[in-house]
Structure formats: structure tokens, C-alpha cells
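The values are calculated or read from the model by the stated rules, or taken from the named source; none is laboratory data. Everything quoted here is computed from the prediction, not taken from an experiment. Note: ideal-geometry Cβ built from the backbone for every residue, glycine included; neighbour counts use all protein chains shown.
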Amino acid sequence: MARFFKVKNFEKFQHYKDRSPPWIKLYNETLENYEFGSLNDATKGQLIGIWLLASRMDNKLPFDPRWIASKINATEPVDLEALYSSGFILEYDESETAEQVATPAQQRAKANGFGSRHISDEVKRIVWQRDGGNCQECGASDDIEYDHKHPVSKGGSSEVSNIQLLCRPCNRRKRVRVATPAQPLRSLEREGQDQDIEKRKEDIPPVAKATRLASSKFDEFWREYPKREGENPRKPAEKKFNALVKTGVDPDSIIAGARQSSADARARGAYGTKFIPQAIKWLNDQRFIDYAAAAFVEERSLTGFYARAESEQLEAWDRHNLSSKGKRLPRDRNGGWRVDAEWPPGYEPGSISKVDVPAVPSLARMQ
């Protein structure tokens, strides 16, 4: 008896009613799938070809590696056993009824006319990160709710591809738009929602507060970053900024770097010119690290003791340098200089005899 297989969760990829659609869905989250990542590179490409082939064959394919290879134009042997053991393909059971192969959401929809509105925590997390915690209609970051793009009442699922973030006003407007006389607008309670709509913000994952904090910090970064001639797209820069913050980078260090970058640009006359890089490139290159390093060096340079002009400490260090290096200390504009410690090694305060030490002109006197 011939052996057949089917693609697991095929409804995620094929949403057309007819066979051989012009395209199928390929989810970005596939890159985060451990089993997919464990496949060798050739098998990954072959799996994508099998997904396409399944859309032409109503998800019933012969378990024949050579035949599959010829259909997906594979240049290397197709390892169906590896895909089977990884769970990407399943045995096709001819005895399965349409009710048995239906997804849980489809079965619930058939039972009561509607699918489930429940959105898993994992789906919420992925959608929140994908949409940046902002309303996909107006960009607002307050009163955010999870919305089914295609209504559950019309067959929509609670998968990542069908969920988006909307603020409460935009979500209400959308619900009014999709309501029709034949399908009147129903309350969330009637659609199986257990909690009051005012409490839906409790569904927002823990990353919400961090994301909002990062967004407010980004506004500060955007004000500090030097202006440039030409395009400087904000949205990709904001996504990169938030991603850096989520990985543990201190947002204040990025902002301080942008502030110093502006100061440097003004000093060399580059502010507002095409020589200022776009913010997204500046963040991708993590140039704020360079400014943080420079600030560290500057801070280190300010350690020690500042010997004021005509002080005993300065005279003591002058004598120390004359004996050890054959030259006196230099002087800054105020006539003093920063030294390693208050007194040179072995010096006892008050022991300087009034012997003339040639004066050193300060920078202010030299100008």
C-alpha cells in the first residue's frame, strides 16, 4: 500500500479555498523555531519546497523522496525521514474524517458558529514585539488591545498572522466598520471573552512597561541626535533603539552618545550636513560605545589631585619633577595642574624652604 504524508499545521500556510494558490504564507518566526534551525541548510530549503508542493496537492503527498525531489527541483537527496522525525510532516491517514483533521478552532467554530477569541501568551508576546507596542492604525502607545484582523465570527484564527495591536479608539472604529445588518456587532462577552474590556490591558505581557520606557527614552534620543541633510527614517531607528535596550544596553548611554555626537558635529561644522550618518546606521554600528569609551577616558583623566597656582602642593610637585625628570610641571589657564596625588612620594607638608623655583607661565599668560 502506498504511503502518503501531510504537512503539519498546513492551514497556517495555505488559506485559499482552491488548490494551487499563487502564494502561501511563510512566517518570519520560523527562524526562531528550534527544530527548523536543527535541520541542515539543504533540508530547510527542501521543506519550503514541500510546503509549496502541498498547496498544489491538498496536503496529500507520496512518501517518495525521489518523486518529491523531482517536483521541488531539489539538487540533493530529499530526507523525508528527517522531516518526519522533526515533526514537520505527518503520516497521512486515509481513515481520518474531515472533522478529525480540522483544527481545534475550526471544530469550535463548527460547534457554535464561532471560533475561539483566546490568544495565547506566546502569540501575544510575538505580536507585541512585532508591532512595537504601538497601534497599527494611528501609532498610539496607550490603551493597546489585541485585535483579530479577520474577525473570529467570520472564520478568523487567533494565530500570529491574524492578530495586530490597535488602540482602543481604533479598535472600536474597526468593530463598527465590520458590523453588518446580517452580522450585527456583538459584545465581547457574547464572543466568549471572560474579562471586562477595561481590564484587557492586564493581558499585555511584562515587556510592555519596558517597551514604553524604551519608547519615551527614544524620544529623548531623537532630540539629541544631530540633524542631517537628507533622509533619516525614524521608525527603523526606534525599533533598533528598543531592541538594544531589550538586550540590556543602558538607554541613557545611547542618549549621552547622541548628545556628544551632536557636540562633535557642531565643533567640526558637520551638523545638519550629509556627513551625519542616519540614526539607524549609527545605532547599528553601535557608535555610542565609542563615545562611552571616550567619556571613560575623560573621567579617568580627572582623577587625582588638582594643585592650585602658588600652592605648596604645586611647588612640591615642581621640585619632584625637577629631580626625577629634569623639568617642571606645565600649567593650565588657571596656573595650576592636575597631579597623581596631593603630595609627591616621600614629601612632608611644610618642609619646603623658601628657595626660588623659576616660575612657569600659565596658559592664560602665554596668550
Practice task
Can you confirm whether the range 138-161 contains a residue that is in a loop (DSSP other than H, G, I, E, B), among the polar types (S, T, N, Q), modelled with pLDDT of 80 or more and within 21 Å of the chain's Cα centre (by Cα)?
Solution key: yes
Problem - Per-region count, the range 306-320, residues surrounded by fewer than 17 Cβ atoms within 10 Å (Cβ to Cβ) and more than 16 Å from residue 351 (Cα to Cα) - result: 3
Handout entry: All helices (runs of 4 or more DSSP H) inside the range 283-367 with 3 or more residues being aromatic (Phe, Trp, Tyr), under 30 Å from residue 248 (Cα atoms) and modelled with pLDDT under 90
Key = 288-301
Problem - Selection within the range 54-71 - surrounded by 17 or more Cβ atoms within 10 Å (Cβ to Cβ) and more than 18 Å from residue 87 (Cβ to Cβ) - result: 55, 69, 71
Exercise for the section: Tell me, please, whether a residue that is more than 23 Å from residue 219 (Cα to Cα) and modelled with pLDDT under 60 can be found in the range 116-136. Expected result: yes
